[in-house]
Amino acid sequence: MVVTLKWNRKIALLVIIAVAAVLCALIFAIGKGGNSTSSAAGVKVKTNEDRIKFLESLGWEVDLNPIEEKTVIIPKEFSDVYKKYNQLQIEQGYDLSKYRGMEVTIYTYSVRNYTGYSGNVVAELYVKGNEIIGGDIHSLELDGFMHGLRKKNI
């Protein structure tokens, strides 16, 4: 059985539109994937349990309840310190500049399994609505450290 197709402008146009639609879908899918250092930007967290599961998925063991929950406003104009902090967020696949002037909630959890450091360590998650928009792992001591949410292999 042989099937033949007679090409005309209408069929050619339909083929071009179909190919363009497939390419657009691929570009969109790749764009949604973010960069390889992303810590799951845009993860939905409706409950405390969701936030804990998110941190566990990154390798962290945290206390069952946050030690602090506070509402802050992301500044409209970033100071040098805030620009540097946002650079850390961008490296993880987040960008706090999208939320300038907006109110967000920061949840702070004690980290129980940080290795290579004997001081107090916390995980902070920045949440807008029910979506994680940023965060970090840092020590509470002045001479400590801060890094992205993904667990470092030490």
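Every read-out reported here was derived from the displayed coordinates using simple, explicitly stated rules and does not represent laboratory data. Values in this document were obtained by computation on a predicted structure and should not be read as measured data. Note: ideal-geometry Cβ built from the backbone for every residue, glycine included; neighbour counts use all protein chains shown.
Counting Lys +1, Arg +1, Asp -1, Glu -1, what net charge surrounds ILE132 among other residues with beta carbon under 9 Å of its beta carbon?
Residues close to ILE132 contribute a combined charge of +2.
What's the local net charge at GLN92, with K and R +1, D and E -1, over the other residues with C-beta under 10 Å away?
That works out to -2.
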